[in-house]
Amino acid sequence: MKENIKKPYYILAPMVGNSELAWRTLARRYGATICYTEMVHCEAFLRSKKNPVKNNWYSTNKEDRPLVIQVCGNNPQIMLEACLILQEECDAIDINFGCPQEVAKRGKYGSWLQDDWSLIEDIVKTLSSNLKVPVFCKIRVFKCMEMTVSYAKMIENAGCKLLPVHGRTREQKGIKSGLASWEHIRRIKENLKIPVVSNGNILYHSDLEKCLDFTKCDGVMVAETHLYNPVNLYKF
């Protein structure tokens, strides 16, 4: 990742079906300083005869930087094999430890790995020690504040270089999503040395400053609300 990116970071989150090159280009034009691709399932990527980074959803160009490719999976060696290919197309790899959806539960990835800290630690260590690009980890919080902080510190110690934190629990999704907890995110920021990025509760541009003031984070990530308001990272 380029060292000259100014803080705070304004990051477009990975969104399945929405984070293609055209949307990333629009986001960069209106304030995003870092963009994610949509999630790449490592096992499916290696099985596919058509390399996903060459199709419409994963295409890129020289202006599409800094670019983070998000990956998911539960086998450290399979994930490493995929990421050794993917790292040639991006500036950082992000591991999805945050997806709460049923498809992630069935596939045992995303936030459904939260119950297996040793596996998470193994995945982060394997990727961070073998890739030439930095490894980020997007997580969700636990209801328990102390458990959340311990979880984040474990991931940091395993080699994560930047931690985007969605301030909702795994159970907070759909009509039960509610508000994200900036309190949890602030506590993580207070206890970690690596950059922490806040994710959740950003509807308007004015929310960015409120979030940064409260959480003291190094940046803000926006997801679904960006689809309804693609200029919410831009200061007119």
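The values are calculated or read from the model by the stated rules, or taken from the named source; none is laboratory data. Only a predicted model underlies this, so the values are computations on that prediction, with no experimental measurement involved. Here Cβ is always computed from backbone atoms with ideal geometry, including for glycine, and neighbour counts include all displayed protein chains.
Could you go through segment 26-35 and let me know if any residue there is at pLDDT below 95 and hydroxyl-bearing (S, T, Y). No, because not a single residue in segment 26-35 is at pLDDT below 95 and hydroxyl-bearing (S, T, Y). Of the residues screened, L233 is one that is in contact (Cβ under 8 Å) with a residue 60 or more places away in the chain, closer than 20 Å to I34 by Cα, hydrophobic (A, V, I, L, M, F, W, C) and part of a loop (DSSP other than H, G, I, E, B). For first residues located in segment 3-26 and over 17 Å from V197 (Cα atoms), partners that are in a helix (DSSP H, G or I) and lie 6+ apart or on another chain with Cβ distances below 7 Å form the pairs N18/L227. Checked across segment 169-180, the condition of being surrounded by fewer than 24 Cβ atoms within 10 Å (Cβ to Cβ), assigned to a loop (DSSP other than H, G, I, E, B) and touching a helix residue (DSSP H, G or I) at 6+ places or on another chain (Cβ under 7 Å) holds for at least one residue.
Given the criteria surrounded by fewer than 20 Cβ atoms within 10 Å (Cβ to Cβ) and free of Cβ contacts under 8 Å to residues at least 60 places away in the same chain, does I120 qualify? No; evaluated as a whole, the condition is false for this residue. Screening L67, L84 for residues that are more than 21 Å from G219 (Cα to Cα) and at pLDDT 95 or above leaves exactly one candidate, L84. The set of residues in segment 148-168 that are of a type in the set (K, R) and part of a loop (DSSP other than H, G, I, E, B) comprises K161, R168.
Scanning segment 217-230 for residues being closer than 16 Å to E38 by Cα, buried (at least 16 other Cβ atoms within 10 Å of the Cβ) and either aliphatic (A, V, I, L, M) or touching a Ser or Thr at 6+ places or on another chain (Cβ under 8 Å) (or both) gives a total of 3. A count restricted to segment 70-97 and to residues that are of a type in the set (A, V, I, L, M, F, W, C), more than 18 Å from K132 (Cβ to Cβ) and within 14 Å of the chain's Cα centre (by Cα) stands at 2.
Would it be correct to say that S111 is crowded, with 22+ Cβ neighbours inside 10 Å and among the polar types (S, T, N, Q)?
yes
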